[in-house]
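K.L.:
This is the structure, below, for whatever I ask next.
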Ligand code: SAM
Ligand code: SF4
């Protein structure tokens with residue numbers, strides 16, 4: 001049993017990050033022969049990509065994918081701990097799996113992802129969800145074959161969650177969800193420790209992959225016909241800072257762009273680490289998509305300070321204005337309302353920033369206390385009523401949606417390049433995304449999937465656009 005430990009998760013040392021090449025252990029070959037797996041994923045793109053590696057590991061053992069959870073032999077929940085509702089969803093699913101296991105006692109249930117890194121969650125699983133076969137942490141993903149093997153052999157390792165700063169594991173097997181769009185990790189973990197956020201504790205220290213390893217992966221994707229890569233990290237703009245190799249995100253973006261994949265994206269950017277050189281590179285290369293997700297979190301300097309965000313309204317606006325000069329750019333954001341002690345005046349500052357930035361769209365959240373984070377202590381003393389927070393969220397969303405609609409309306413009657421993703425099961429329309437990451441629905445045939453086509457926008461809504469194919 002290796003249990004998570006919050007105090008250890010907080011540690012940041014000067015210890016060198018190890019690069020480990022994953023090696024398959026032949027002992028585990030074929031343990032999944034004639035068996036099927038189902039992985040349920042919650043949370044962000046990083047979790048989605050981890051799932052691609054989990055599926056790769058499972059298939060290397062001989063398991064095959066089962067789209068019906070109820071019929072699978074092994075079910076793995078890849079969880080998210082960013083807000084309470086993500087917790088609730090995963091625990092709800094564990095309840096459902098309990099019934100499945102009663103019907104099929106041979107079912108293997110595993111839990112991983114960010115929730116597995118939390119002390120409180122693991123002790124709850126051990127006491128109340130005894131049907132879970134094993135729990136493994138974000139640093140222990142590569143050890144999944146051993147965990148399954150041991151569970152099948154009955155020499156059970158129930159919990160394998162290290163609370164370490166973390167290594168960089170290269171060469172994990174992968175089953176990509178798409179044949180034309182791919183996620184590529186460039187930096188793991190986070191050292192920002194924003195006071196509300198659990199990620200630095202669940203994902204370990206900020207550690208970049210070597211540029212050559214990333215470029216190799218992108219080159220292979222290009223060879224395999226991929227149309228789009230998204231460079232992933234909690235804070236991609238900090239890429240390279242921990243490596244001391246003399247390169248940063250601007251150098252990486254430039255090298256990735258030159259591989260000539262039609263679309264290069266990167267997410268998420270922290271306003272603190274955005275340099276002029278990065279903006280220059282984004283403007284220079286046509287295949288670097290004019291789209292930046294730039295989380296604001298709050299428009300109040302007082303709250304930004306309490307959040308530990310390291311920028312002010314003014315410095316954010318200055319950066320925003322520079323980014324806005326990139327031709328055709330779309331900028332989106334994340335905003336939290338109801339941070340402990342947020343007053344109406346603070347909230348009005350947030351609305352004021354939204355009016356200034358007129359974002360293309362935004363993800364908005366009510367603050368959710370996370371055990372062990374500094375803001376959770378402030379929350380204990382906060383007497384702001386839930387109704388007040390909900391009402392602020394409502395007002396914020398109204399404003400955001402107005403600006404989304406406005407920015408979409410500006411696209412009407414113009415032609416945009418769309419990477420076609422699929423056919424909607426609801427209305428049979430084809431759908432895809434613009435270079436600025438806007439969803440477009442249009443009539444077309446299924447053989448367009450995976451291709452970049454021209455679509456003329458005919459009408460705009462807040463969350464999507466309708467268009468017609470330009471032949
Ligand atoms: N690393 C990115 C950044 O710095 O913005 C995103 C991290 S997180 C996966 C995505 C978003 O969740 C954050 O931008 C923030 O708005 C929101 N979030 C994080 N912790 C939260 C909390 N405790 N309560 C509510 N929202 C939270
Ligand atoms: Fe969380 Fe802040 Fe790190 Fe983003 S930068 S992952 S919000 S601590």
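K.L.:
Which of the residues spanning segment 246-275 are away from ligand 1 (no atom under 16 Å from the Cβ) and within 22 Å of residue 353 (Cα to Cα)?
P.N.:
If we filter segment 246-275 for residues that are away from ligand 1 (no atom under 16 Å from the Cβ), which is where we start, we get 246-248, 250-264, 275.
Passing the criteria: only 275.
K.L.:
Which of the following residues is touching a residue at least 40 places away in the same chain (Cβ under 8 Å) and touching a helix residue (DSSP H, G or I) at 6+ places or on another chain (Cβ under 7 Å): 399, 406? Steps first, answer last, please.
P.N.:
On the way: 406 fails: touching a helix residue (DSSP H, G or I) at 6+ places or on another chain (Cβ under 7 Å).
After applying the criteria, what remains is 399.
K.L.:
Follow-up question, since we're still on this one. Could you run through segment 175-210 and say how many residues are surrounded by fewer than 19 Cβ atoms within 10 Å (Cβ to Cβ) and away from ligand 2 (no atom under 16 Å from the Cβ)?
P.N.:
6
This table checks each residue for (1) without any contact (Cβ under 8 Å) to a residue 60 or more places away in the chain; (2) over 30 Å from residue 366 (Cα atoms); (3) buried (at least 20 other Cβ atoms within 10 Å of the Cβ).
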site	(1), (2), (3)
42	no, no, yes
57	no, yes, yes
93	yes, no, no
101	yes, yes, no
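K.L.:
Within 11 Å of ligand 1 (Cβ to nearest atom) and either on the phi > 0 side of the Ramachandran plot or in contact (Cβ under 8 Å) with a residue 12 or more places away in the chain (or both) - does that describe any residue in segment 178-186?
P.N.:
Filtering segment 178-186 down to residues within 11 Å of ligand 1 (Cβ to nearest atom) leaves none.
Looking for residues that are within 11 Å of ligand 1 (Cβ to nearest atom) and either on the phi > 0 side of the Ramachandran plot or in contact (Cβ under 8 Å) with a residue 12 or more places away in the chain (or both), one finds none in segment 178-186, hence no.
K.L.:
Please go through segment 317-344 and give me each residue that is assigned to a loop (DSSP other than H, G, I, E, B) and either within 15 Å of ligand 1 (Cβ to nearest atom) or within 18 Å of residue 384 (Cα to Cα) (or both), ordered by number.
P.N.:
Looking only at segment 317-344, we keep the residues that are assigned to a loop (DSSP other than H, G, I, E, B), and these are 325-329, 338-343.
Residues satisfying the conditions are 338, 339, 340, 341, 342, 343.
K.L.:
Which numbered condition trips up residue 436, out of (1) assigned to a strand (DSSP E or B); (2) under 24 Å from the mean Cα position of the chain (by Cα)?
P.N.:
Of everything listed in (1) assigned to a strand (DSSP E or B); (2) under 24 Å from the mean Cα position of the chain (by Cα), residue 436 misses just condition (1).
A short reminder: the numbers here are calculations on the coordinates, not readings from a lab. Since this is a predicted model, take the numbers as computed values, not measurements. Every residue, glycine among them, receives a Cβ derived from its backbone with ideal geometry; neighbour counts consider all protein chains shown.
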